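**Student:** One structure coming up, written as C-alpha cells, with questions to follow.
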Amino acid sequence: CDKIEETDEECEEFIHKSSTPAPDHQQNNSRVRPDQLWAYFLSKISPYCEELKKLLCFVYSIPCSNAFTEGVFNHMKHAWTPSRNSMSIEAIASELKIRMNGKMNCDEFFSYVQNERELIQCAR
C-alpha cells in the first residue's frame with residue numbers, strides 16, 4: 001500500500017473525535033475504537049489495498065456473541081410446535097424471516113396485504 005500521508009492536525013482531530021459523547025470526567029481519555037481506526041486508515045490509502053479491505057470486512061462481520069442466533073432458535077421453538085410439526089422446513093424458514101425482519105405488527109400487516117392483489121396472487 002502507499003504510504004499514508006497526513007498532517008498532525010488530521011491525526012489529532014481523529015484521535016480526539018468520538019462517536020459518542022463521553023462524560024465530563026472522561027474527556028481527557030483519547031481512546032480510538034479499532035473499527036474507527038481501520039476505517040480511517042482505509043480512507044487514507046490508495047485503492048490498491050482491496051485484499052486488506054476484504055479481510056477487515058470479513059473480520060468485523062463476525063459477531064461478538066451468539067445472542068441473535070439464540071433469538072432465532074427461540075422464535076423457531078415457538079413457530080415449530082408439536083401441533084405444527086408437519087410444516088415444511090421452507091415454510092418455517094419463511095415464517096422466521098418474516099418474524100425476524102418484519103417491522104409491522106400483525107394488524108398492520110393484515111391491512112397492508114388486503115390492498116396488495118399481486119402479493120396475494122404470489123402467495124397462492
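The values are calculated or read from the model by the stated rules, or taken from the named source; none is laboratory data. If you're wondering where the values come from, they're calculated on a predicted model, not measured in any experiment. Glycine gets a Cβ as well: all are built from the backbone with ideal geometry, and neighbour counts include every protein chain shown. The area values use the complete protein model at the heavy-atom level, side chains included, leaving out ligands, DNA and RNA. Shrake-Rupley method; radii C 1.70, N 1.55, O 1.52, S 1.80 Å.
**Student:** Taking the residues in the stretch 94-109 that are hydrophobic (A, V, I, L, M, F, W, C) and more than 22 Å from GLU70 (Cβ to Cβ) as candidates, determine which candidate is most open to solvent (accessible area, probe 1.4 Å).
**Tutor:** Taking the stretch 94-109 first, the residues hydrophobic (A, V, I, L, M, F, W, C) are 96, 98, 100, 104, 106, 109.
Then drop every residue that is not more than 22 Å from GLU70 (Cβ to Cβ), which leaves 104, 106, 109.
On the way: MET104: 98, CYS106: 114, PHE109: 97 Å².
Checked the stretch 94-109; the qualifying residue most open to solvent (accessible area, probe 1.4 Å) is CYS106.
**Student:** Among what's in the stretch 34-60 and is in a loop (DSSP other than H, G, I, E, B) and surrounded by 11 or more Cβ atoms within 10 Å (Cβ to Cβ), pick the residue that is modelled with the lowest pLDDT. Steps first, answer last, please.
**Tutor:** Going residue by residue through the stretch 34-60, those that are in a loop (DSSP other than H, G, I, E, B) are 45-49.
From what's left, surrounded by 11 or more Cβ atoms within 10 Å (Cβ to Cβ): 45, 49.
Numbers: ILE45: 77, CYS49: 80.
The residue in question is ILE45.
**Student:** For ALA91, work out the one condition from (1) at pLDDT 85 or above; (2) open to solvent by less than 60 Å² (accessible area, probe 1.4 Å); (3) over 30 Å from ALA123 (Cα atoms) it doesn't fulfil.
**Tutor:** (3)
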